[in-house]
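Notes to accompany the following structure.
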Amino acid sequence: MNEIRLPDATEAPGRRGPRLWLSRLEGPQTMGRGLGFWIAAALVLLAAILYPAFNNDYTVGNAAYFLVWTFMAMGLGLVWGYCGALSFGQTAFFGLAGYAYGVITINIGSAFGATWLALVLAVALGGAFALLIGYFMFYGRIKGVFIGIVTLSVTLVLETFMAQTAGPQWRIGEARLNGFNGMSGMPPLTVPWFGGEILLYAGTTLYYVLLGMVVLVYLGLRMLLNAPFGNVLVAIRENPERTEMLGYGIRLYQMLAFGLGGALAGLSGVLYTAWGQYITPSSMGLTAAALPIVWVAVGGRRDITATLLGTLIVIAGFQSLTIYGSQYALVVMGALLVFTVLVTPNGLVFTVMSQIGRIFGKGRE
Amino acid sequence: MRIHHNRTLIAALLAGTCLASGPVLAQDGPIKIGVLEDQSGDFAAATNVKVNAIRLATQEINDAGGIAGRPIELVIYDTQSDNRRYQEFMRRVLQQDQVDVVFAGFSSASREAYRPIVNQFNGLAFYNNQYEGGVCDANMIVTGAVPEQQFSTLIPWMMETYGPNVYTLAADYNFGQISAEWVRQIVAEQGGTMVGEEFIPLGVSQFSQTIQNIQQSDADFVVTLLVGAAQASYYEQANSASVGLPMASSVNVGQGYEHKRFTPPSLANMYVTTNYIEEIDTPESNDFVERFRAMFPNEPYINQEAANSYIGINLYKQLVERAGSTDHDAIRAVIAEGDVCFDGPSGNVCLDPKSQHMSHTIYLARVESDHSITFPEVWENITPYWLGDAGCDLTQNDPSAQYTPSNPPPAQ
Amino acid sequence: MEFLLAIFSISYQFGDAFAFLVISCAGLAVIFGMMGIINLAHGEFIMCGAYVTAASARAGLPLPMAIACGALAAAIIGMALERTVIRHLYHRPLDSIIATWGISLIATQGVLILLGPTMQGIGTPLGSTLIGDRSYSIYRLVLFATSIGLLLGLYLLFYRTRFGVISRATIQRPDTARALGVDTRRVYALTFGLGAGLAGLAGGLYAPTMTMVPTMGSTFIVESFVTVVVGGADIFLGAAPAAAILAVIKAALTAWYGQLFGQIGLLVAVIIVIRVMPGGLSAFIKRWQK
């Protein structure tokens, strides 16, 4: 296949290895650059770190739950916003990895940090499945809205199939799939520690672990997107034919991006399963599949920061609407979605960020 | 990144120590009851009435001086027929609102979604739905009817009345599959024949092929275990194709009041075993319906789940008053005495200490061709025997698992 | 005789599945197939048609009139929505997912709040007929006939009337159409209204056979999208054969392996069709014609 090694616009003499990658934390494909942005980002991170000090256990655990979903959203942002392929079926990888985590941990237990091994294996499985679907689609020259339909069909097939696995014959080792009622009984993530394991139930510990993972994934994606790989993705989104003419194997790039997006969805799936010790076929259903698209679209899909912040805002907003809005919650949610699409086509957070950027003169050129 | 990493570990260390503490129970002030029910979404039709039944019971108890002198305070959330909302709000009521007990769940999937969280916080939850049975969990009290109560009465009666050939039509998920297993087993015990068994994925609304399969078989009656609004379209379609066979069900009428919603005679000749519906003509039931309608004049139908929720609140009152506190161990010690009973709208019911399920008076309701209801048979004091017989004994140990006839509790 | 009866029974199953796919996808074929708007509120237009049909039938209108009322109501609501929301999304098809999903949330929950969780059904008319030793619902046969009539009517509308020509021209080359003096905004509104009306018609036609709840539209939506996607952009070249092929797949799998495989088979068929012929059946047929 075509070679991926490419001339690098950001490559300056003397920047090699880690320094080169660090320099890619900012660049043309991500919003926010310069000291001002990073100070703001550091302040946000500091606020996030101090958050548990000022809030009760429930609120912190709930915030941890919100963080669980951000990986799937960032993955979709990568696939849809940067690569231009709207996937309607990220939940397929979410669910697959979630079930895989359940099956593995129920069979091997949680001793000696085995839950983390299960996490890695399950995420890899989600990513591999996404690569397979990606290969099938992109090398099959499927594009545009049909990618959405294929991925949606995949997730609905998985849901329909899993929903009828209630019988005792549907088991993998010790783990019963348990049909529509969902699989439970898997352990939460555990950290081996002196004198016993720390169980990562929803609480402050889990919050910090997840916050660390979000920061790592976010910074990692920024570097990747500003690297040649990200530039090519954006080029494909803007004009696939031109990019192909320039000699890039666009299908390989699309497939890899799709695989990465699937792995991130799988990460969310594993974390969700471990968080609630439960995974169900309905997390691969139509409503569940539409949600990530809503988060990403409302936040702003063209920028990874907007996607991340937008997702957190939308999830938290919808939850408090449900708590305080009684039966009108769903109506208000619907109205908000219509409003967002009509008034801020690029996404709510994206629009706000560009305004701020314009004021400070440091937005994306 | 390294600095951050260290901070994470320190924080993890600090936080790890304070995780084990459960909810602290206030001994005075109101008794808080969390209510998680689907007031919107797919299941809203059958569950809004549960919330109102809880409100009715609460008002009656509060008017009469509360539970041991303490008023009840309800904390109600709408779970939108969405399993994730159950997980979010179960944590919220247990951790943030610090409720003493939770009344939660319509679908079995929602119950399985919140059960790990109830166990994690060692909470206490009432599940007030009829369901496929088998939950052996000390943190759960189940007031709904289970298959052994509904089928051990219904199937023999139907076979005696209509004949030994049975066709089962069931929703293709846990409830349908496990219920179908019960039907199969009871039919075999009674010397009947299963002439057909078909499972329908949730959300399917077109039944032409199924109807033909039924017509082709020489069934004497059809057991319909269909669930959800889409699958309920079967009755209309079967009627218009003149299937004309008697139907037996454990789930219709008593839950989704299909006989009120569909045009007669699409449900004619259907037999349902239920532990309560508003047509039951006893003084207790009529009185209950009157009080309910006085408080909620627009309630479309008072179903079995409404009665069970109402009974549940009253049982909880009795448990707390006898235990002298809302402490779960004290409450379970009272249940273990084995004489926790309540005379309610559906007759006398008692809690079984082994499984923490409830005995019921089971009414056989027959839908006439004008969709009025008659009751050809009533069985009193039908116990939820299966879990206890199979080896679940919550007074001894707590496996917190769900069992089925083909996946029974491990032998002790 | 036995053989003829078996043939009839198989064709009845096929016709029933075919009618369901055609009727439920017609509205979507216009809105998604022609206009490119991904309309997740398709099911709610169907629900709207069903509710209005049931209400007017119970108010005393004869059923065909009531169904027409349902279709009309959905069409009017559709045009109003086109004016206020959809109009701004023609250049952003992917954003139409969000907007129409929002509309669908508002519609289902709004109906739940205003009209309660269920509505009384109206009962299937016409009864049944005995053929051989089995009885068949006559109304299902009427539905099959209606689906054929519907395809024919749409064909005539789009290929034999002035509106049809103008609307196809507007959607394919809006600028040229405008330059030729066509009021493209009106054409878009009418076309969208037509799609919504067809969805309403589907709701009206199936109202007598189904449970009436605010979420009833969701049972149509997967099948509709599947049919339209397999069909491709041209609804006549595509949707009719697509519905036929899918009906065969669904009826056969359901008959032999049960409803589960009928359901899964449909979805797998879509994936394969998209992979083998990305433009759907209509593009495939067009290429083959050349």
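Some points to look at:
- Looking only at region B:77-98, and only at residues there that are touching a Phe, Trp or Tyr at 6+ places or on another chain (Cβ under 6 Å), within 7 Å of another protein chain (Cβ to nearest Cβ) and touching a residue at least 40 places away in the same chain (Cβ under 8 Å), the one that is surrounded by the fewest Cβ atoms within 10 Å (Cβ to Cβ): B:Tyr77
- Scanning region A:282-338 for residues being more than 8 Å from every other protein chain (Cβ to nearest Cβ) and β-branched (Val, Ile, Thr) gives a total of 9.
- Residue, modelled with the highest pLDDT, within region A:196-206, restricted to residues that are facing chain B (nearest Cβ under 8 Å) and open to solvent by less than 10 Å² (accessible area, probe 1.4 Å): A:Thr205
- All positions within region B:233-261 that are crowded, with 24+ Cβ neighbours inside 10 Å, assigned to a loop (DSSP other than H, G, I, E, B) and either within 7 Å of another protein chain (Cβ to nearest Cβ) or without any contact (Cβ under 8 Å) to a residue 12 or more places away in the chain (or both): B:Ala241
- Among the residues listed as B:Gly133, B:Gly176, B:Gly191, B:Gly196, the single one being at pLDDT below 90, part of a loop (DSSP other than H, G, I, E, B) and not assigned by TED's automatic domain parsing to the domain that holds B:Leu94: B:Gly191
- Checked against (1) farther than 24 Å from C:Met212 by Cα; (2) more than 14 Å from chain B (Cβ to nearest Cβ), C:Thr100 meets all criteria but (1).
- If you check B:Thr161, B:Thr153 for being away from every other protein chain (no Cβ under 13 Å) and in contact with a strand residue (DSSP E or B) (Cβ under 6 Å, 6 or more places away or on another chain), only one passes: B:Thr153.
- B:Val99 falls short on exactly one of the conditions (1) outside any helix (DSSP H, G or I); (2) at pLDDT 90 or above; (3) within 19 Å of the chain's Cα centre (by Cα), and that condition is (3).
- Within region B:116-130, restricting attention to residues that are open to solvent by 10 Å² or more (accessible area, probe 1.4 Å) and part of a helix (DSSP H, G or I), the residue that is farthest from the other protein chains (Cβ to nearest Cβ) is B:Asn119.
- Consider region B:29-57 and keep the residues that are farther than 18 Å from B:Arg111 by Cβ and open to solvent by 10 Å² or more (accessible area, probe 1.4 Å). The one that is nearest to the other protein chains (Cβ to nearest Cβ) is B:Ala45.
- Only listed residue being out of contact with any Asp or Glu (no Cβ under 7 Å at 6 or more places or on another chain) and within 30 Å of C:Leu89 (Cβ to Cβ), chosen from C:Leu143, C:Leu126, C:Leu130, C:Leu151: C:Leu151
- B:Ala68 being within 25 Å of B:Ile335 (Cα to Cα) and in contact with an Asp or Glu (Cβ under 9 Å, 6 or more places away or on another chain): yes
- The selection criterion, being touching a residue at least 40 places away in the same chain (Cβ under 8 Å) and either over 20 Å from the mean Cα position of the chain (by Cα) or surrounded by fewer than 24 Cβ atoms within 10 Å (Cβ to Cβ) (or both), does not hold for A:Ser87.
- Counting only strands (runs of 3 or more DSSP E) wholly contained in region B:322-369, no element carries 1 or more residues that are closer than 30 Å to B:Gln98 by Cα and of a type in the set (S, T, N, Q).
- Scanning region C:105-139 for residues that are out of contact with any Ser or Thr (no Cβ under 8 Å at 6 or more places or on another chain), assigned to a helix (DSSP H, G or I) and either of a type in the set (Lys, Arg) or more than 7 Å from every other protein chain (Cβ to nearest Cβ) (or both) gives C:Ala107, C:Val111, C:Leu114, C:Leu115.
- A residue that is among the basic types (Lys, Arg) and in contact with a Gly (Cβ under 8 Å, 6 or more places away or on another chain) occurs somewhere in region B:350-364.
- Considering the conditions (1) open to solvent by less than 10 Å² (accessible area, probe 1.4 Å); (2) touching a Leu at 6+ places or on another chain (Cβ under 8 Å); (3) within 14 Å of another protein chain (Cβ to nearest Cβ), B:Asn139 is excluded by exactly one of them, (1).
Rundown of residues vs (1) away from chain B (no Cβ under 14 Å); (2) open to solvent by less than 30 Å² (accessible area, probe 1.4 Å); (3) modelled with pLDDT of 95 or more, yes/no style:
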site: A:Tyr208; (1), (2), (3): no, yes, no
site: A:Val215; (1), (2), (3): no, yes, no
site: A:Tyr218; (1), (2), (3): no, yes, no
site: A:Pro228; (1), (2), (3): yes, yes, no
site: A:Val234; (1), (2), (3): yes, yes, no
site: A:Tyr253; (1), (2), (3): yes, yes, no
site: A:Leu256; (1), (2), (3): yes, no, no
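The values are calculated or read from the model by the stated rules, or taken from the named source; none is laboratory data. Small disclaimer: the values here were computed from a predicted structure and weren't measured. Counting neighbours? That spans all protein chains shown, and the Cβs are built from the backbone with ideal geometry, glycine included. Heads up: the accessible areas ignore ligands, DNA and RNA and are worked out on the full protein's heavy atoms, side chains in. Shrake-Rupley method; radii C 1.70, N 1.55, O 1.52, S 1.80 Å.
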